[in-house]
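S.K.: The structure follows.
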2 protein chains.
Amino acid sequence: MNKDALTSEFLEALTNASRKIRTAFNQRVTAHGLTYPRARALLRLSKKPGMTQSELACELELEQATMVRILDRMEEHGLVERQPDPKDRRAKLIVLTPRGTEQAALVTSIGHSMRLEIFADINSEDIAAGIQLLNKLGERAMLMEDLRDLT
Amino acid sequence: MNKDALTSEFLEALTNASRKIRTAFNQRVTAHGLTYPRARALLRLSKKPGMTQSELACELELEQATMVRILDRMEEHGLVERQPDPKDRRAKLIVLTPRGTEQAALVTSIGHSMRLEIFADINSEDIAAGIQLLNKLGERAMLMEDLRDLT
DNA sequence: CACATATAGTTAGCACCCTAACAATTTTGA
DNA sequence: TCAAAATTGTTAGGGTGCTAACTATATGTG
């Protein structure tokens, strides 16, 4: 098979795997008012509370506008609180509520069991190689995005 | 590094790479009224015209409801037409318009050059290994989705 | 035949994700 | 100093993706 067909097939596999894993995760946590992106935010915040929205968005590699919506919903569900930053009146510090902390623990446990199941018969070397590959591709794509600014 | 942390990192890399590649592609084709999912549909249709919506959704591994809206927009942009199926009055056959055929060719060329750039310094063996891995994970996740029905 | 069931497509509603444009505030530099 | 530039968060609008519920048509079974 030539390389072009191979890369095409790779992107199809990437798209489909990504969507299916996200959907499967969502199905397992929707009962708790959670979703995949909310769970990611929850875990980051439980490790490093008091970040601004921009910092959190940057760590999750999301746009600020996307972060706003997700935090809106998380606040509605009582998972996080926006507190004014005493150092900068523009910024808001995001902290977990007690309920948010509980849910973070739940997410950790659900995520753990899902990953065990999904990666059951796959060895660590293949996973590590996959990470290398995906990060390389992601970086490439990010550089391509930035080209847009040079017009 | 233990395997759990490795799988966690893999999913982060998967999520980010998938989003960035999709975004980069969208940025390159939006000027032509196209998007990533529309491009996928266009290419399938150019290879096999006259499919029903269900068949197309199945090949693209999307839900029917998702397919409906994508085809709505493609029809609005004059890329495809819905024709009645003489064999089944419920079904509709999707065919490319002349403009759709043109755009399919354009997508082919843009996709080709993007893949060349993204996969420039990655060898075919690694790509093939990645496909194997992603397909295995996608299949696992799909099986997990179906478990939902057994409650 | 008649009724139950299955299938094709649609609509509605929720959640993401992005870009573009905006207000408030802070920082920078002439 | 003080106006220009950068940054923080927001809203608006477009485009996925899903599930659930609905209509119309086909099919299968008694």
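S.K.: So for region B:103-113 (the condition being within 16 Å of DNA strand C (Cβ to nearest atom) and modelled with pLDDT of 95 or more), does at least one residue qualify? Can you show your working first?
M.R.: Keep residues of region B:103-113 that are within 16 Å of DNA strand C (Cβ to nearest atom), which gives none.
So far as region B:103-113 goes, no, none of its residues is within 16 Å of DNA strand C (Cβ to nearest atom) and modelled with pLDDT of 95 or more.
S.K.: Taking region B:84-124 only, how many residues are without any contact (Cβ under 8 Å) to a residue 24 or more places away in the chain and in contact with a strand residue (DSSP E or B) (Cβ under 7 Å, 6 or more places away or on another chain)?
M.R.: Counting residues in region B:84-124 that are without any contact (Cβ under 8 Å) to a residue 24 or more places away in the chain and in contact with a strand residue (DSSP E or B) (Cβ under 7 Å, 6 or more places away or on another chain) gives 2.
S.K.: Also, quick follow-up: Condition check: within 16 Å of DNA strand D (Cβ to nearest atom), over 18 Å from the mean Cα position of the chain (by Cα) and basic (Lys, Arg). Does A:ARG69 satisfy that? Explain how you work it out, then say what you get.
M.R.: Values: within 16 Å of DNA strand D (Cβ to nearest atom): yes; over 18 Å from the mean Cα position of the chain (by Cα): no; basic (Lys, Arg): yes.
Judged against the criteria, A:ARG69 is not a match.
S.K.: Among the residues of region B:9-38, write down those that are buried (at least 21 other Cβ atoms within 10 Å of the Cβ), within 12 Å of DNA strand D (Cβ to nearest atom) and not β-branched (Val, Ile, Thr).
M.R.: B:SER18, B:PHE25, B:LEU34, B:ARG38
S.K.: Name the single residue that is nearest to the other protein chains (Cβ to nearest Cβ) among those in region A:31-50 being outside any loop (DSSP other than H, G, I, E, B) and more than 16 Å from the chain's Cα centre (by Cα). Spell out how you get there, then give the answer.
M.R.: Step one: filter region A:31-50 for residues outside any loop (DSSP other than H, G, I, E, B), giving A:31-32, A:36-47.
Checking the rest, the ones that are also more than 16 Å from the chain's Cα centre (by Cα) come to A:31-32.
On the way: A:ALA31: 11, A:HIS32: 15 Å.
Selected residue: A:ALA31.
S.K.: Separate question: Given the conditions (1) more than 10 Å from every other protein chain (Cβ to nearest Cβ); (2) in contact (Cβ under 8 Å) with a residue 60 or more places away in the chain, which single one is not true for A:ILE21?
M.R.: In the conditions (1) more than 10 Å from every other protein chain (Cβ to nearest Cβ); (2) in contact (Cβ under 8 Å) with a residue 60 or more places away in the chain, A:ILE21 misses (1) alone.
S.K.: Ok, one more. Restricting attention to region B:51-76, report how many residues are outside any helix (DSSP H, G or I), surrounded by 16 or more Cβ atoms within 10 Å (Cβ to Cβ) and either more than 8 Å from DNA strand C (Cβ to nearest atom) or of a type outside the set (Ser, Thr, Tyr) (or both). Reasoning before the result, please.
M.R.: Within region B:51-76, the subset outside any helix (DSSP H, G or I) is B:51-52, B:61-63.
Of the ones still in play, those that are also surrounded by 16 or more Cβ atoms within 10 Å (Cβ to Cβ) are B:51-52, B:62.
With the extra rule that they be either more than 8 Å from DNA strand C (Cβ to nearest atom) or of a type outside the set (Ser, Thr, Tyr) (or both), the set shrinks to B:51, B:62.
Matching residues across region B:51-76 total 2.
S.K.: Only one of these is of a type in the set (Val, Ile, Thr), more than 16 Å from DNA strand C (Cβ to nearest atom) and within 16 Å of the chain's Cα centre (by Cα): B:ILE131, B:ILE127. Name it. Even if it seems obvious, please write down each step before you answer.
M.R.: Working: B:ILE127 fails: within 16 Å of the chain's Cα centre (by Cα).
It is B:ILE131.
S.K.: So which residues in region A:92-148 are more than 9 Å from chain B (Cβ to nearest Cβ) and buried (at least 18 other Cβ atoms within 10 Å of the Cβ)?
M.R.: Once the filter is applied, which keeps residues that are more than 9 Å from chain B (Cβ to nearest Cβ) and buried (at least 18 other Cβ atoms within 10 Å of the Cβ), region A:92-148 yields A:LEU93, A:ILE94, A:LEU96, A:GLY100, A:GLN103, A:ALA104, A:VAL107.
The values are calculated or read from the model by the stated rules, or taken from the named source; none is laboratory data. A quick note: this is a predicted structure, and the numbers were derived from the prediction, not measured. Heads up, the Cβs are rebuilt from the backbone with ideal geometry, glycines too, and the neighbour counts pull from every protein chain shown.
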